[in-house]
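First up is the structure itself, then whatever we jot down about it.
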Amino acid sequence: FVFLCLQLFGTIVWILVASTGVPLPLLQGWVMFVAVTAWFLSIVFLCVFLFGYANRIAVNWNQADFIFHGATFVFYFGAFLLQAATTSLHHFPRKFNSTTQERILSGREYNISIAASV
């Protein structure tokens, strides 16, 4: 169940951040990396159990599960902070020396960024 939730929420974050057009690649690049990597590793971890490799590999799976989810929590928390920082920059202009009022995030991207932060 935890694998399914992690995959589902990771996929949702992945889709939401990608749909914003990634206006700040330095911040949102890490968010995308965390979402894609956690999604991929959770698929690998799930396949290990589904195909019975867990019985063949002598590993303390309780400890491996704890470490995996602990590390995923830490990385997702950091990604949340970066995504929230991106969302908070909504009202700043894209070009500080320009007379146009082009925003870093459009209204649609701002709403999607809020959803990805949550």
Looking at Phe73, Phe40, Phe77, which is the one that is part of a helix (DSSP H, G or I), open to solvent by 90 Å² or more (accessible area, probe 1.4 Å) and assigned by the TED database to the domain that holds Phe9?
-> Phe40
Which residue pairs have Cβ atoms under 8 Å apart, sit 6 or more places apart or on different chains, and have a first residue in segment 81-99 that is open to solvent by 40 Å² or more (accessible area, probe 1.4 Å) and a second that is modelled with pLDDT of 80 or more and in a helix (DSSP H, G or I)?
-> Leu82/Trp30; Leu82/Val31
Gln83 fails exactly one of (1) out of contact with any Ser or Thr (no Cβ under 8 Å at 6 or more places or on another chain); (2) among the polar types (S, T, N, Q); (3) closer than 26 Å to Leu105 by Cα, namely (1)
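The values are calculated or read from the model by the stated rules, or taken from the named source; none is laboratory data. Here the structure is a predicted model, which means the values were calculated and not measured. Cβ atoms come from the backbone with ideal geometry, glycine included; neighbour counts cover every protein chain shown. Ligands, DNA and RNA are excluded from the accessible area calculation, which covers all protein heavy atoms including side chains. Shrake-Rupley method; radii C 1.70, N 1.55, O 1.52, S 1.80 Å.
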